[in-house]
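Beneath this line is the structure, given in C-alpha cells, with notes to follow.
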Amino acid sequence: MTNFDFSAPPLMSREHTRMLEIAFETFARQWATQLGSRLRCATDVALTAVDAEPYDSFAKNLISPTVFVLFSFDGMSAANSLLHISPQLALNHLDYALGGSGGKQEPRELTDIEVSITRGMVGRALESINYAFASIAPMTPRIDGFVQDPQLLAVAKAADMMLVAKFEVQLGDITETASLMTPLGPIAKALSDITGRDTRTAEEIRRASEATRMMTQGLSEVPVDAVVAMAPTISAPNAMLSLSVGDLVKLSHHTTTPLYVRAGETTVARAVVTTKGNVRACLIVNSEEDNP
C-alpha cells in the first residue's frame with residue numbers, strides 16, 4: 001500500500017495506468033520465459049509498480065556501481081530510455097550463463113566481456129517490448145549504450161516526466177530489482193489516441209447499436225404517471241389544518257396561465273383544460289422546451 005500525495009496528484013488516469021500495467025506484465029512474462037530457457041534455473045519477473053515521476057526523482061536514488069542499458073525507439077535520434085538492473089542481478093545472471101550455480105556476490109563493475117554478455121541478455125529482453133506494447137503503439141527498441149556510473153547518465157533533464165516500471169527478478173535463490181524508464185510524453189499521447197477512438201469491430205458496434213435500440217424501445221413502453229397541475233400555492237400550516245367544507249382557497253395560478261403537464265417530477269408540457277366525451281382532458285398548447 002502506498003500513501004496518496006495530495007500535493008502531487010497522479011499524472012495518468014486509472015484507465016491509462018491499467019493499460020500500461022497489462023503491457024508491462026506481458027513484458028515481464030516474456031522476459032521470465034527468456035531467462036528460464038537460457039539459464040536453466042528457477043526464474044520469475046514480476047511487475048511491482050508503474051509510476052510517472054520526474055527524471056531527477058528516479059536518478060537521485062541510484063547507487064554506484066550499477067548497470068544501465070541505454071536504448072531508444074525507432075525514429076528517435078538519441079538514447080532517452082534505459083533498463084536498470086542491480087549489480088547483484090547482473091552478476092548472478094553471468095554466473096548462470098557461464099555454467100555456475102548462482103548466489104550472492106560482492107557488487108563490482110563488469111568487465112568488457114561481462115558487459116557484452118549482459119548487453120545480449122538485455123537486448124533479448126527488450127525485444128519483447130514491441131510485442132507487449134502492440135496494442136498501444138509500435139515500439140522497436142535499439143540499444144545505444146552501457147553505463148555503470150549513475151553520474152554519467154544524461155538521458156533527460158531533471159524535470160522531465162518519465163514513465164518508470166519497476167520489477168522484481170528472481171534467478172534461482174536470488175531476487176533483485178530492475179526498472180525500465182522511458183519518456184512519458186509519447187506514451188501518454190498514444191494512450192490518449194487509443195481511448196479517444198472506437199476500437200470495436202463492426203460486429204461489436206452492430207450488437208451495441210441493437211442493444212441500444214431495444215433498450216430505448218423498451219423504456220418508451222414503460223407506463224408513467226401523467227399529472228396535470230397548477231402552480232403551487234404557499235400557505236401557512238395552520239390555514240391548511242383549519243380548512244372546512246365551503247372554504248374558498250385562493251390559488252397563485254393565474255387564469256390565463258396554462259396548466260403543467262408532468263411525468264413523475266418532470267414538467268414536459270403546458271396545457272389548458274377541455275373535455276373529450278364525458279371525461280376531462282387537456283389540450284397541449286406548447287412544450288416545456290418553449291418555456292425554459
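The values are calculated or read from the model by the stated rules, or taken from the named source; none is laboratory data. Note that the coordinates shown come from a computational prediction; the quantities given were computed from them, not determined experimentally. Note: ideal-geometry Cβ built from the backbone for every residue, glycine included; neighbour counts use all protein chains shown.
Here are a few things to note about the model shown:
- Applying the condition of being closer than 19 Å to PHE167 by Cβ and part of a loop (DSSP other than H, G, I, E, B) to segment 2-25 and asking which residue is modelled with the highest pLDDT yields MET12.
- Checking THR267 against (1) touching a helix residue (DSSP H, G or I) at 6+ places or on another chain (Cβ under 7 Å); (2) exposed (fewer than 11 other Cβ atoms within 10 Å of the Cβ); (3) not small (Gly, Ala, Ser), the condition it does not meet: (2)
- Where helices (runs of 4 or more DSSP H) fall wholly inside segment 173-292, the ranges with 1 or more residues that are more than 30 Å from GLU53 (Cα to Cα) are 202-220, 237-241.
- When each of VAL228, VAL245, VAL169 is tested for being among the aliphatic types (A, V, I, L, M), touching a Lys or Arg at 6+ places or on another chain (Cβ under 9 Å) and modelled with pLDDT of 90 or more, the lone residue that passes is VAL228.
- Taking the listed residues GLY218, GLY123, GLY145, the one that is in contact with a Leu (Cβ under 9 Å, 6 or more places away or on another chain) and either modelled with pLDDT of 85 or more or assigned by TED's automatic domain parsing to the domain that holds ALA59 (or both) is GLY145, with no other qualifying.
- Within segment 11-20, considering residues that are within 15 Å of ALA190 (Cα to Cα) and charged (D, E, K, R), the one farthest from the chain's Cα centre (by Cα): ARG18
- Restricting segment 125-143 to residues that are surrounded by fewer than 16 Cβ atoms within 10 Å (Cβ to Cβ) and out of contact with any strand residue (DSSP E or B) (no Cβ under 9 Å at 6 or more places or on another chain), the residue that is nearest to ALA32 (Cα to Cα) is TYR131.
Let's see how each residue does on (1) hydrophobic (A, V, I, L, M, F, W, C); (2) surrounded by 14 or more Cβ atoms within 10 Å (Cβ to Cβ):
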position: ASN61; (1), (2): no, no
position: THR66; (1), (2): no, yes
position: LEU70; (1), (2): yes, yes
position: LEU82; (1), (2): yes, yes
position: PRO87; (1), (2): no, yes
position: TYR96; (1), (2): no, yes
position: GLY102; (1), (2): no, yes
position: LEU110; (1), (2): yes, yes
position: VAL115; (1), (2): yes, yes
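Conditions (1) free of Cβ contacts under 8 Å to residues at least 24 places away in the same chain; (2) not acidic (Asp, Glu), marked per residue:
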residue	(1), (2)
GLN34	no, yes
ALA46	no, yes
VAL50	no, yes
GLU53	no, no
VAL67	no, yes
PHE73	no, yes
SER81	no, yes
LEU91	yes, yes
